[in-house]
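Visitor: Just passing along the structure, written as structure tokens.
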Protein chains: 2
Amino acid sequence: MTASKTELFSEEQSSLAAFAGALAHPARIAIIELLQNRGESTSGEIVQTLPLAQATVSQHIMALRKAGLLNHRDCGKKICYSLNYDQIRQFCHSFQCTLGTTDAPPTPVPSTCCTEENA
Amino acid sequence: MTASKTELFSEEQSSLAAFAGALAHPARIAIIELLQNRGESTSGEIVQTLPLAQATVSQHIMALRKAGLLNHRDCGKKICYSLNYDQIRQFCHSFQCTLGTTDAPPTPVPSTCCTEENA
DNA sequence: AACGTATATCGCCGATGTACGATAAGTCAA
DNA sequence: TTGACTTATCGTACATCGGCGATATACGTT
């Protein structure tokens, strides 16, 4: 991504993009679904569920952690992961606003592109 | 990505991941915000708004188009883009379900990892 | 300490994403 | 047709991702 020229965009734009990036892989979606269903799972259980090597799954988990989507607690030699619903809800709300799916219907729009814009 | 071993995951998981991937760049978030505010914009207007080269912006627009997030209509020599709210709403709903932010509160969960799981 | 288990990290590789200039392809006007 | 304009695509360079085996780290048990 060439560092995405990320400094050229707003904090919120980068933040939303990062959140979306965390969800941008089917394996990570699967992990989220698993945690959604079970409430809590160890890393090992997640590995067993996915058709990927332990190292790869660990990377996906770490990606979700860095995005703030997971809670984890040590539990002896295991680590239990669960969803951080607060973060998730917060991001979802931001997305709803950005995507315009909260209130305000599709906004009809008079469409100016073919009228005044004939410069 | 490596084709992401995408065949190993469900259709819906891949679909959601693709949608998230389309949003996983601040420039694309910025494009969406722009269209959300203006309702409709030409490619040229979008280029002027972003701090990126025309070719790069065109690629981002194409990424959003391929994800089904944009409507476009020819308008003389210009092309007007707008948000495809139907698609967006549909994806948002899927995400709400996957992320568990629709109904069902955070699910307390008895947490079995430290009890029965001591195999 | 030594071992087994659980998880994270490293190193490597091929594939993909991002960025750009240059150029092609299309439309409209003269 | 020529020319100005708008947008998409090509070619290239580089960074990042996604995958894996191997290894390191950390904990609990004996």
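The values are calculated or read from the model by the stated rules, or taken from the named source; none is laboratory data. Keep in mind that what you see is a predicted model, and the values were worked out from it rather than measured. Using ideal geometry, Cβ is built from the backbone for each residue, glycine included, and neighbour counts are taken over all protein chains shown.
Visitor: Among the residues of the stretch A:67-83, which ones are modelled with pLDDT of 95 or more and of a type in the set (Gly, Ala, Ser)?
Guide: Listed by number, the residues that qualify are A:Ala67, A:Gly68, A:Ser82.
Visitor: Sticking with this one: Within the stretch B:29-53, take every residue that is more than 15 Å from DNA strand C (Cβ to nearest atom) and of a type in the set (Gly, Ala, Ser) and give me the one that is farthest from the other protein chains (Cβ to nearest Cβ).
Guide: In this case the residue turns out to be B:Ser41.
Visitor: In addition: Would you mention how many residues in the stretch A:67-101 are facing chain B (nearest Cβ under 10 Å), surrounded by 19 or more Cβ atoms within 10 Å (Cβ to Cβ) and either over 27 Å from B:Pro26 (Cα atoms) or within 13 Å of DNA strand C (Cβ to nearest atom) (or both)?
Guide: Residues in the stretch A:67-101 being facing chain B (nearest Cβ under 10 Å), surrounded by 19 or more Cβ atoms within 10 Å (Cβ to Cβ) and either over 27 Å from B:Pro26 (Cα atoms) or within 13 Å of DNA strand C (Cβ to nearest atom) (or both): 3 in total.
Visitor: If you check B:Leu64 against the conditions, is it modelled with pLDDT of 95 or more and buried (at least 16 other Cβ atoms within 10 Å of the Cβ)? It would help to see each step written out before you state the result.
Guide: On the way: modelled with pLDDT of 95 or more: yes; buried (at least 16 other Cβ atoms within 10 Å of the Cβ): yes.
It is true that B:Leu64 is modelled with pLDDT of 95 or more and buried (at least 16 other Cβ atoms within 10 Å of the Cβ).
Visitor: Does B:Thr42 satisfy being closer than 23 Å to A:Thr101 by Cα and either within 14 Å of DNA strand D (Cβ to nearest atom) or modelled with pLDDT under 95 (or both)?
Guide: Against the criterion (closer than 23 Å to A:Thr101 by Cα and either within 14 Å of DNA strand D (Cβ to nearest atom) or modelled with pLDDT under 95 (or both)), B:Thr42 qualifies.
Visitor: So, of the residues in the stretch B:19-39 that are among the small types (Gly, Ala, Ser) and over 21 Å from B:His93 (Cα atoms), which turns out to be nearest to DNA strand D (Cβ to nearest atom)?
Guide: Filtering first and then ranking leaves B:Ala27.
Visitor: While we're looking at this one, here's another question. Considering only residues that are near DNA strand D (Cβ under 10 Å from one of its atoms) and either under 20 Å from B:Gly21 (Cα atoms) or surrounded by 15 or more Cβ atoms within 10 Å (Cβ to Cβ) (or both), which ones fall in the stretch B:45-61?
Guide: Hits for the stretch B:45-61 are B:Glu45, B:Ile46, B:Val47, B:Ala55, B:Thr56, B:Val57, B:Ser58, B:Gln59, B:His60, B:Ile61.
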